[in-house]
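The values are calculated or read from the model by the stated rules, or taken from the named source; none is laboratory data. Everything quoted here is computed from the prediction, not taken from an experiment. No Cβ is skipped: glycine too gets one built from the backbone with ideal geometry, and neighbour counts run over all protein chains shown. Surface areas here come from the heavy atoms of the whole protein model, side chains and all, with no ligands, DNA or RNA. Shrake-Rupley method; radii C 1.70, N 1.55, O 1.52, S 1.80 Å.
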Amino acid sequence: SPRVELHDYLHEVFFWIGPYFAARLLLADVDSPVRVTATSFAIVAVILAPIAISEALGGSNPFFNLNYNSGEFELWARQIDRFGATRAVTSWGHPISFSIFLAAAALLSFAMGIASRTWRSRGVWYAIAVIATVAMSLTLSRTGWLMLAVGVVLLALATRGLVERRGQARESHCF
């Protein structure tokens, strides 16, 4: 096997660990980092959903017009079909990675809806979860559905007590 050079290790460190530390530094002084993260995922999912719908209905992907690196462009900027249907990829380059992102956005939005104190906020978060799930269905990827299913089960287990306490609090205010 070829010898791995130091610059290869440094590239991997900065490529993978750099964004992690950048996010940790940016979120370190935020009062509610989970809310900021969920909001960021929700905003991107809502922005990309119309592009995914257009792409799945046969429209063009505007990200395919951004050719800054021809090698990468040839690899990622192409439509992928499954069973004769176009799979939405938007800016992600592959439907599987896009579906994983949308599943995470849907789960974060659903969790924020569960944790919300007002009906209005809860409704907005649930609506975003539905938008992300609909967009995820346009990727025709099983991976996103699996992630969503496992996440919903884990959310149900983790929030069971919260929902029960909320229901008991409502009952105690009725009398």
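Mind checking which residues of the range 15-43 are among the β-branched types (Val, Ile, Thr) and under 18 Å from the mean Cα position of the chain (by Cα)? Those that are among the β-branched types (Val, Ile, Thr) and under 18 Å from the mean Cα position of the chain (by Cα): VAL34, VAL36, THR37, THR39, ILE43.
Among the numbered conditions (1) closer than 23 Å to SER91 by Cβ; (2) of a type outside the set (Asp, Glu); (3) open to solvent by less than 30 Å² (accessible area, probe 1.4 Å); (4) not in a loop (DSSP other than H, G, I, E, B), the only one that THR139 does not meet is (4). Each residue in the range 1-24 was checked for being within 30 Å of ALA135 (Cβ to Cβ) and either open to solvent by 80 Å² or more (accessible area, probe 1.4 Å) or not in a helix (DSSP H, G or I) (or both), and 5 pass.
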